[in-house]
Amino acid sequence: MYNKMYQPVSLLNRWTQENNELVNKWMQQEEGGNAPTPDQSQAHLRWCSSEFHKLLRKLQGIPPHADHTQLELTVVYNACVCSTAQSQFSETELVLTQATERVLQRTGDYPVYSEPCVFWKTVLKSLGNSTLNSCVLHLLCLQWAIWLATCQLKTIKELQDELFSLSETLSTGVRDDGRSVARGQSSDIQLLMMDPRRLCELLQICTLIAQGAERLSEGRSSEALSGLQTASSLPAPRTLVAYTHLLSGSCLAHMNRPQMALQCYRKALETDSRCVCALYQSMLIYRQLRNTQAEIQALRLLHSTLLLPSAIEPALPGTHPLSASLLLSSQSLNSLLSVPSAPSVLHSLAQKSVLHGRVPEGVEYYLDLLSDLLSEDQHATERAEVSPLPRMPELYLEAGAALLMARRPTDCMAHCDEVIGTTLELLPEKLVLEEPEETGEAETGAPFTEGGDKVSMLLWAGAAYLLQGHCHTHLKNWKQAVTHYTRCINLLVKVRFKKRGFQPQIPSADMVGKQGTDLCILQRLKGLSLAGRGISFAQTDQLREALRDLQLSLQALPGCVGAGLWCGEVLWKLGRKREAAACWEKTWKSTTESSENLSVYLQEPQSGPSLDSIELRHRIQELGPSLSA
């Protein structure tokens, strides 16, 4: 009789000790002198999860006893923390529900499980202020974590008042060190894997961040901003507070308040210097404001930050298995927090530097980029990126063009030889670009359908010959320049464009859609190569051949300034001075399309023979009133 009377107490002590040993082993593993690797932590977490579930089966394998209930719920909490940390959400949710139902059955309530919110509201009402209330609230915290991790924001919204008051409600039953005091016959402390109040604080700010990201993606920027400003004042790790400032900045950017957005991004960086997304978003604002120097500075800082050792998931106060990254997994938020890879940023930095007067810097950035890509395993560029890198032949061409701008034609030709060597033998004899199937796409500027890599290789080889032609004009080797421009032209004339219902024909300027399409690049290459050959002919006094090529260049690429000016120069030399004056004036008045978004190698060359516009205007004045007046 004596043994039977004290058997429950003996089992309770033994199982409490077993629970505490598991928690302590977890703590020792995580707080040890040598920090465990992610793989070691996951392996240990799986082991703990298995052991907690074994202990839970022991507790649930005996007849219900009031003294065991709190320990059972403690073990359920610890087991579910482990399984939630391993993203086993459906299994964890089932354990939580079954454990809660067992508690209610012991109190005489038999709720019928329906919608999650209805079920939990029933649970909270049934338990009231009972001694088991805080234990069940611990389980509700985990249910909240599962809803958040699985992006069930609507469910959280329905129960938000109850959830957001959990931390205050639990403060009377949970010590600050994360230990729950067992009530009843035993005074042994039952350890928890994670302090529920700290978990509540984490869940609250993560919920407000996730809700803000969702509202922002839905265009409700003002509503999102209000919630995020509330979140910024909550107790939380600085990384999460930085996220609230970052998303507040995104809201303000969407509300067309760029300067206020920049202030928020600055605050995010002051809160957490590793918030690289704030740097990236700042750069985008500077780009929008056309503040190129600030944009370049932001790109440089972003690149150097991305090269630092990867920022480890910020630790919450105390050792814990649940991380903010597990809870913040919504597609909306991931999209807002995404940043390009370090190579992509370096590419943007190189391109911007070259196009905005910092050519020597840009050259070094390009050479560093090529060196990095050739030496690393490229794992960083295999994932989907915000700004994916161009392919290697394009990067070689861009680097070559930058080298030519830096007056290094020999190095430029070497880069072009790399491109030609890898593409020339693979080029097709003929190639047809077809109009897209969707009605009206050609008129609205959508890309034309492509012939796969064949189109790209032909354009790359053509661009390489074009750059080599530019190099020879820089060196005043006019015969070689003509040869290389001709090679470019001979490649480009292999391409035909086929509109639906018509035979393939030679592409023309009026067929070009938006910048960046294959047809646009083809016409630019054709126009620039004809202009280069025409200028080279002009240098050797082959004026009729020069005039022919320059006029063809203006047909292919009407906005080509070099072709327009040199066409006038050739006309002047041929004695057709009035026509020359008209050609110059037309060139100066024409509004050329911005080439900011074009690759560096598709820009008009800055080296080679040039004409002095002041001298040309003096010539026109000597002729008398302009014909165009």
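Quick rundown of the values:
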| quantity | calculated |
| --- | --- |
| Subset tally (residues that are of a type in the set (Gly, Ala, Ser), within 22 Å of the chain's Cα centre (by Cα) and outside any loop (DSSP other than H, G, I, E, B)) for region 212-242 | 6 |
| Filtered residues of region 524-544 (kept if crowded, with 24+ Cβ neighbours inside 10 Å and charged (D, E, K, R)) | ARG524, LYS526, ARG533 |
| Some residue of region 617-629 being at pLDDT 90 or above and either surrounded by 20 or more Cβ atoms within 10 Å (Cβ to Cβ) or not in a helix (DSSP H, G or I) (or both) | no |
| Residue within region 211-220 that is surrounded by 24 or more Cβ atoms within 10 Å (Cβ to Cβ), more than 28 Å from LEU322 (Cα to Cα) and of a type outside the set (S, T, N, Q) present | no |
| Odd one out for LEU132, checked against (1) at pLDDT 85 or above; (2) under 47 Å from the mean Cα position of the chain (by Cα) | (1) |
| Residues (in contact with a helix residue (DSSP H, G or I) (Cβ under 6 Å, 6 or more places away or on another chain) and surrounded by fewer than 18 Cβ atoms within 10 Å (Cβ to Cβ)) located in region 259-288 | MET260, ARG287 |
| Selection count, region 213-253, where residues are in contact with a Pro (Cβ under 6 Å, 6 or more places away or on another chain) and not polar (S, T, N, Q) | 1 |
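The values are calculated or read from the model by the stated rules, or taken from the named source; none is laboratory data. Please read all numbers here as calculations on a predicted model, not as lab measurements. FYI the Cβ positions are ideal-geometry reconstructions off the backbone, even for glycines, and counts take in every protein chain you see.
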